[in-house]
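The next block holds one structure in the form of structure tokens; read it before the comments.
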Amino acid sequence: MKSEYKSLPFRNNVALIVFKDTKFLLVNLVDWDEEWWKFPQGGIDDGEDVVAAGKREFREEIGTNKIKILGQSQYTNKYDWPDEVIERKGRQFRGQWQRFLVVEFLGTDADIKIDTAEVRKYKWVARKEIVQFSKDSQHMLFQNYNGSIPKILQEFSL
């Protein structure tokens, strides 16, 4: 990281670990490689609480509010972005400080209306795929979650 970026603040972020039955929801962003997946997530606005931000981000990305928030994890994740991401995002933040919400999806796929300006596609994956990805430090889904996801799945008995 360039030295001038080290004094930048971290962006407040909320990631939503969304499940329905035994599957978990992942999204692929339009400006990402087609093989890179993540949980729905986004920034927390100034003065906004984590739950409100999570509900807003889910509605913006996934197009529905048919969710039940089970709780906020005790685990958080703070990480730096690569210099090119810092520059692309206007040199406002050096990285993100993530909070995690565990969310049950109450709708059906017919309720999902992704924001195609931001999200290219979505998919549902099994828990074993999530855990396997978490062991692959090179996989985009987990390289920035720093091992938090398996702990959160255990925390919420998922």
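The values are calculated or read from the model by the stated rules, or taken from the named source; none is laboratory data. Only a predicted model underlies this, so the values are computations on that prediction, with no experimental measurement involved. Note that we place each Cβ from the backbone using ideal geometry, even for glycine, and neighbour counts take in every protein chain shown.
Taking G95 as the residue in question, decide whether it is under 19 Å from E57 (Cβ atoms) and modelled with pLDDT under 95.
yes
Please state which one of K89, K20, K68 is in contact with a Phe, Trp or Tyr (Cβ under 8 Å, 6 or more places away or on another chain) and within 28 Å of K128 (Cβ to Cβ).
K20
At least 3 residues that are within 14 Å of F39 (Cβ to Cβ) and more than 13 Å from the chain's Cα centre (by Cα) in each: list the strands (runs of 3 or more DSSP E) lying fully within the stretch 56-139 that qualify.
Because the criterion is at least 3 residues that are within 14 Å of F39 (Cβ to Cβ) and more than 13 Å from the chain's Cα centre (by Cα), the strands (runs of 3 or more DSSP E) in the stretch 56-139 that meet it are 67-80, 119-126.
Collect the residues in the stretch 62-76 that are more than 14 Å from I17 (Cα to Cα) and touching a strand residue (DSSP E or B) at 6+ places or on another chain (Cβ under 8 Å), keeping them in residue-number order.
K66
When you check T116 against the structure, is it hydroxyl-bearing (S, T, Y) and either touching a helix residue (DSSP H, G or I) at 6+ places or on another chain (Cβ under 6 Å) or in contact (Cβ under 8 Å) with a residue 60 or more places away in the chain (or both), yes or no?
Spelling it out, T116 is indeed hydroxyl-bearing (S, T, Y) and either touching a helix residue (DSSP H, G or I) at 6+ places or on another chain (Cβ under 6 Å) or in contact (Cβ under 8 Å) with a residue 60 or more places away in the chain (or both).
Might you let me know whether the stretch 17-26 holds any residue that is modelled with pLDDT under 95 and either basic (K, R) or crowded, with 16+ Cβ neighbours inside 10 Å (or both)?
yes
Mind checking which residues of the stretch 140-158 are at pLDDT below 90, part of a loop (DSSP other than H, G, I, E, B) and either touching a Lys or Arg at 6+ places or on another chain (Cβ under 7 Å) or surrounded by 14 or more Cβ atoms within 10 Å (Cβ to Cβ) (or both)?
Scanning the stretch 140-158 gives N144, Y145, N146.
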